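No value in this document is a laboratory result; all are computed from the given coordinates. From a predicted model like this one, the values you see are computed outputs, not experimental measurements. Virtual Cβ from ideal backbone geometry, glycine too; neighbours counted across all protein chains shown.
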Ligand code: HXC
C-alpha cells in the first residue's frame, strides 16, 4: 500500500489515509487501497473497531483528487463515484464499528467517508464541507444521501447548495460530530471509545449496527420486524447466555463474540 497505513492495536485497527502533501486527497488509487484495507480488516477476527483518520495535522481528507478529476470525462467520473461508494458502503456495513477521527479538513469525498462511518469524533480544528458545487459537480460518494439522513434534509440542502465549510462546534450542534475534543486528545478519545465498544458483546453490537442501518432504508413496520429477527438471533448466542448469567452472578461477562 502506498497511501494507506494500517496499524493493529489488539482489538482496534487504525487506518490512516497517508498523502499529506495533497491534504490526503483521494485519487482512484487511494480509494482502491482504502477498499482493500477495509476488506482485509473485516476478515480479522480480533479486530472489533476500525478508526479511520488522515496523516498530518491539517486534514482528514480534502476530497477527491481535483488534479485527477480535471482530466476526466463522464464515464471516468462515474467510475470514480463507484469507488467512493464502494469505500463508503464498506465502512457503513462492515462487521466492525467504524469511527472517523476527524483531524482537520473533511471535505467532499473526505467528508463522505466520515458520513459512512458509524461515529464521528472531531478535533476542535476540524472543518466539514461538501463543496462540490463550487467545482461544477455534485457529491458522488453518498453525500447527497447520508448527510440528509444524519442532519435532516433542510440543513443538508443548505450545506450542499452553498458548499460552505462548518467548524467542529457547528458539526456537533447539527449532530454530525458525536464529540469535539482538543486536537492532541483526538486519537486517545477514539481509542478509549473504541475499547469500550470492543468490550461489549461484539456480535450483538454488529446486530445492533445492522438493525440501526435498516432504519435508514426501510419503513418502521418492516424495520421493527427486522429488529425482532435480529434480536432472535442474539438470543441464540452464547454471549447472550454469558451476559445475562454474569449479570445475575454479579461478575463481569467473558464474551466469546457469538
Ligand atoms: C487535489 C488537493 C486537494 C484536492 C488540496 N490539495 N485539496 N489536491 N485534490 N481535493 C492540494 C493542493 O493543490 C496543494 O497542493 C496542497 O494540497 C495544499 O493545499 P492548499 O490549497 O495549498 O492549502 P490551503 O490553502 O491551506 O487550503 C486548504 C483547503 C484547499 C481549503 C482544504 O486545499 C481546498 O479547498 N481544497 C479543495 C477542497 C475541495 O474542493 N474538495 C472537494 C473535491 S470534490 P500543492 O501541490 O499546490 O502544494 C469531491 C467529489 C467527490 O471530493 C466525488 C467524486 C466522484
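log₁₀ I(q)/I(0) of the range 67-208 at q = 0.11, 0.14, 0.17, 0.18 Å⁻¹, via Debye over equal Cα point scatterers, no solvent, to two decimals?
These q points yield log10 I(q)/I(0) values of -0.43, -0.68, -0.96, -1.05.
On a 0 to 90 degree scale, rounded to 10, what angle separates helix 220-235 from the longest Cα axis of the chain?
50 degrees
Modelling each spin label as a point 7 Å along the Cα-to-Cβ direction, I'd like the residue 162/residue 221 distance in nm, to one decimal.
It is 4.0 nm.
What whole-number distance in Å separates the alpha-carbon centres of the range 157-174 and the range 221-256?
For the range 157-174 versus the range 221-256, the Cα centre distance is 38 Å.
Quick one: helix 74-93 against the long Cα principal axis of the chain, what's the angle to the nearest 10°, folded into 0 to 90?
Roughly 20 degrees, rounded to the nearest 10.
Working from Cα positions, state the angle (0 to 90°, nearest 10) between the long axis of helix 186-198 and the longest principal axis of the chain.
That works out to roughly 30 degrees.
Inverting the mean 1/r over all pairs of different Cα atoms, compute the Kirkwood radius of the chain and quote it in Å.
With all distinct Cα pairs of the chain included, I get 18.9 Å.
Over every pair of different alpha-carbon atoms in the range 1-148, take the mean of 1/r and invert it; report that Kirkwood radius in Å.
Across the range 1-148, the inverse of the average 1/r is 14.9 Å.
Which percent, to the nearest 5, of DSSP beta bridges fully inside the chain are antiparallel?
Once the DSSP bridges in the chain are tallied, antiparallel ones form about 25 percent.
Would you please put 119-128, 189-198, 236-245 in order of how densely packed they are, using the mean number of other Cβ atoms within 10 angstrom per residue and starting with the highest?
Packing order, densest peptide first, comes out as 119-128, 189-198, 236-245.
Per-residue ellipticity at 222 nm for the chain, helices alone: DSSP H runs ≥ 4 residues times -39500 (n - 2.57), over residue total, nearest 500 deg cm²/dmol?
Calculated at 222 nm, the ellipticity per residue is -15000 deg cm²/dmol.
Determine, from the Cβ-Cβ distance of residue 10 and residue 245 and an R0 of 25 Å, the FRET efficiency 1/(1 + (r/R0)^6), rounded to the nearest 0.05.
Working from the Cβ atoms, E equals 0.45.
Give the Rg/Rh ratio for the range 149-258, taking Rg as the radius of gyration of the Cα atoms and Rh as the Kirkwood radius, to two decimals.
1.09
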